[in-house]
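Written below as structure tokens is the structure these notes are about.
The values are calculated or read from the model by the stated rules, or taken from the named source; none is laboratory data. Small disclaimer: the values here were computed from a predicted structure and weren't measured. All Cβ positions, glycine included, derive from the backbone under ideal geometry; neighbour counts span all protein chains shown. Accessible surface is based on the protein model in full, side chains and every heavy atom, while ligands, DNA and RNA are left aside. Shrake-Rupley method; radii C 1.70, N 1.55, O 1.52, S 1.80 Å.
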Amino acid sequence: MSDHDNKNASQSALILKGEKNVHWNQDISYGQYLDLEPLLSCQRPRSDVHDEMLFVIIHQVSELWLKQCLHEAHAAANNIMVDELRPALKMLTRVARIQEQMIQAWEVLVTMTPADYISFRDSLGQSSGFQSYQYRELEFLLGNKHPGLVEVHRSHLKNYQHLTNVLNAPSLYDYCLKLLSRRGFSLPEKVINRDWSEPYVASPEVEAVWSDIYRDTNQYWDLYELAEKLIDTEYNFHKWRFSHMKTVERIIGCKAGTGGTTGVSYLKKALDLKFFPELWSVRTTM
């Protein structure tokens, strides 16, 4: 053993000295608690190309973050339904922080060049992020309702039925508007009781209510804070979409996507979509 190794061993011994309660024989280990063996066996690239592992892991990590976003956003909606805004605000804050992590993931993926991607692209077949049922659920929950989009998932009955249920339920924004109505604000019946499966259409009456809230933040502080948490969520969603579009453009240019979409041009159209339109327009009219 070298002097360097001896020094490291001595330092390790000093660190552990006095740690009499370390559990060397655990009832449940770290790996068991996290179920790491099956988790770490899920990375199975379909080619021998070095960079496909990165592509698989980036997308798997994104799906895990989407799972947590859905966990938080559904819970936030449930709390808003019963006028419990304080936990809802915390949950929406967490969604925004998770989104920041997802945005940063694109910074790792752009280390992949067009040549790197082309070397294993055929392994993907017709699979595409467009088919992500968790992403679709999050869009539906936030308000991007389009009945036709659920048809992408028809071949997977469990996902199709779940997404159909989310499509036909109020969105997070719908629950917020119902909250405003319960608080005594005057909103049109067509806004608070409508076909939830259809895209939300901006309302001047809703914008006027948000304007009142923004003009008197002291009186309506919790609603004002809710509005800003919604804006944080959508703002980060826009940044995620933009980063996605630019990453795709950088790696494959204007080629069609593997799932049959037009690729970059399809992603550019999504940049104009808004979940909470009056929260953006009120900034102009105030």
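Before moving on, here are some points about what is shown:
- Enumeration of residues in the stretch 36-74 that are touching a residue at least 40 places away in the same chain (Cβ under 8 Å), part of a loop (DSSP other than H, G, I, E, B) and among the hydrophobic types (A, V, I, L, M, F, W, C): V49
- Tally of residues being open to solvent by 60 Å² or more (accessible area, probe 1.4 Å), in a helix (DSSP H, G or I), under 15 Å from Y173 (Cα atoms) and touching a residue at least 24 places away in the same chain (Cβ under 8 Å) across the stretch 75-105: 1
- Summed over the stretch 132-147, the residues that are more than 16 Å from K67 (Cβ to Cβ) and not in a loop (DSSP other than H, G, I, E, B) give a count of 1.
- Candidate set: the stretch 251-264, residues that are open to solvent by less than 60 Å² (accessible area, probe 1.4 Å) and of a type in the set (S, T, N, Q); chosen: the one nearest to Q126 (Cα to Cα): T258
- Of the residues screened, N25 is one that is modelled with pLDDT under 95 and among the polar types (S, T, N, Q).
- Filter pass, T233 being outside any helix (DSSP H, G or I) and on the phi < 0 side of the Ramachandran plot: no
- Taken together, the residues in the stretch 123-154 that are free of Cβ contacts under 8 Å to residues at least 24 places away in the same chain and more than 20 Å from A76 (Cβ to Cβ) amount to 7.
- Top-ranked residue in the stretch 265-278 [being under 20 Å from the mean Cα position of the chain (by Cα) and in a helix (DSSP H, G or I); ranked as surrounded by the fewest Cβ atoms within 10 Å (Cβ to Cβ)]: K269
- All positions within the stretch 210-237 that are within 14 Å of the chain's Cα centre (by Cα) and open to solvent by 40 Å² or more (accessible area, probe 1.4 Å): D232, Y235
- Enumeration of residues in the stretch 194-208 that are without any contact (Cβ under 8 Å) to a residue 60 or more places away in the chain and either under 27 Å from the mean Cα position of the chain (by Cα) or open to solvent by less than 40 Å² (accessible area, probe 1.4 Å) (or both): R194, D195, W196, S197, E198, P199, V201
- Matching residues, the stretch 175-193, being without any contact (Cβ under 8 Å) to a residue 60 or more places away in the chain and either surrounded by fewer than 15 Cβ atoms within 10 Å (Cβ to Cβ) or within 16 Å of V82 (Cα to Cα) (or both): L177, L180, S181, R183, G184, S186, P188, E189, K190, I192, N193
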